[in-house]
Amino acid sequence: MIKVSDLSFSYTEEKFIQDINFEVEKGEIFGFLGPSGAGKSTLQKILTGLLRNYEGNSVVDGVESKYYKRNFYENIGVDFEFPSLYEKLTGRENLKFFGSLYSKKLRNIDEMLKMVGLQNDGEKKVCDYSKGMKSRLNFIKALLHNPEILFLDEPTSGLDPNNSRDMKNIILEEKAKGKTIILTTHNMVDAAELCDRVAFIVDGRIKALDSPHNLIMSKGAVKIKYSYYDGIEKTRECLLKKTSEDYKLKELIEKNQILSIHSSEPTLSDIFMEVTGRVLQ
Ligand SMILES: Nc1ncnc2c1ncn2[C@@H]1O[C@H](COP(=O)(O)OP(=O)(O)OP(=O)(O)O)[C@@H](O)[C@H]1O
Ligand SMILES: [Mg+2]
């Protein structure tokens, strides 16, 4: 669905986005993860045809992004980082207006409002919406024309845990329908839960790209923590990969003297820090 090769882009004379290569298959949730200013939104703007003076290739749904035609957006839904809504119109009027820009049959507006808990707010002006309400309206605006590809830039940012959970469920439902989703986030927990693969982006470059599981496992940092009795209860740790080298553990196993044993995996945040040397949040 998406193929990016040797992509580079600069806002100024200095190169910013550099050597970006990746492909996204139909039905995949692909994450852009990186600290503030890394270039995630810039990358999304290139892919969606908003920034056109790039080098290399960005092919989305078979179309080179910079040469898109009007119908490019019939199959693409974009939830921008900052809500782009008409403040003086109601929620429903906003959806009707933006929906009128597409030639496709739209999804049912009442159902969509209900899906994000705005069923009683459709007739309110957007200027009277809270930040989270605007985010939710902006999100369903991207889904309105039932696009095959969704670009979601920080969709859960600023949402309370319940709304965030609802939104993640909707994202997973879209995936189940075979939609292809690019999800930009700072949130490693969301990324690990939702994304099939993630790209770690720092300073305009991809520093790692794989499934969250493989990234976590590749570092071989899974530890085993075990306890045993030796006058008092004692605990020891060893790397899962090196259990055969832990003679104390071997001895305890042979004598059935282990009191407890747990494995602990590093989080995606730990791996991000290890790979990029940067903290995410
Ligand atoms: N229109 C612009 N002109 C010049 N520089 C820009 C422009 N838009 C973004 N930048 C710069 O490009 C860099 C990357 O911005 P971008 O918005 O892509 O980051 P991001 O990874 O999405 O960050 P965040 O997580 O804060 O949303 C920043 O240094 C920003 O100042
Ligand atoms: Mg951004």
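Every number in this text was worked out from the coordinates using simple rules, so none of it is lab data. Only a predicted model underlies this, so the values are computations on that prediction, with no experimental measurement involved. No Cβ is skipped: glycine too gets one built from the backbone with ideal geometry, and neighbour counts run over all protein chains shown.
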Charge context of residue 242, other residues only, Cβ under 14 angstrom, K/R +1, D/E -1: +4
Relative contact order (%) - the stretch 8-70, alpha-carbon pairs under 8 angstrom, separation at least six: 26
Per-residue Cβ neighbour rank within 10 angstrom, fewest leading, 272, 97: 97, 272
Using alpha-carbon coordinates, inclination of helix 131-143 to the longest axis of the chain, degrees: 70
Packing rank of 56-68, 27-39, where each peptide gets the mean count of other beta carbons within 10 Å, highest leading: 27-39, 56-68
The chain, relative contact order [Cα under 8 Å, separation at least 6], %: 22
Ratio of Rg to Rh over the stretch 222-264 (Cα coordinates, Kirkwood Rh, two decimals): 0.94
Spin-label proximity, residue 264 to the stretch 199-223 - amide N less than 19 Å from point 7 Å beyond Cα toward beta carbon: 216-223
Cα→Cβ-extended label distance, 7 Å offset, between residue 237 and residue 119, nm: 4.8
Long-range HN-HN contacts of residue 207 with modeled amide H, under 5 Å: 200, 201, 202
In Hz, Karplus ³J(HN,Hα) per residue of the stretch 35-43 (6.51, -1.76, 1.60; θ = phi - 60°; x = Gly, Pro): x, 4, x, 6, x, 5, 5, 4, 4
Additional length obtainable on full extension of the chain from residue 210 to residue 82, 0.36 nm per residue less Cα span: 43.3 nm
Charge sum, other residues only, whose C-beta stays under 10 Å from residue 30's C-beta, Lys/Arg counted +1 and Asp/Glu -1: -3
Normalised per residue, the volume of the convex hull around the Cα set of the stretch 55-207 (Å³): 131
Local electrostatic count, residue 1, Cβ distance below 10 Å [Lys/Arg +1, Asp/Glu -1]: -2
Distance between the stretch 122-178 and the stretch 21-71 - C-alpha centres, whole angstrom: 20
Calculated diffusion of the chain, Stokes-Einstein form, Kirkwood radius summed over Cα pairs, 4 °C and 1.567 mPa s, µm²/s: 62
Exceeding the 31 Å Cα-Cα cut-off - candidates 131/223; 45/104; 40/69; 104/168; 3/168; 66/177: 131/223
Percent antiparallel among DSSP beta bridges (both partners in the chain, rounded to 5): 65
Residue 10 versus residue 71: modelled label distance in nm, points set 7 Å from Cα along the beta carbon direction: 3.8
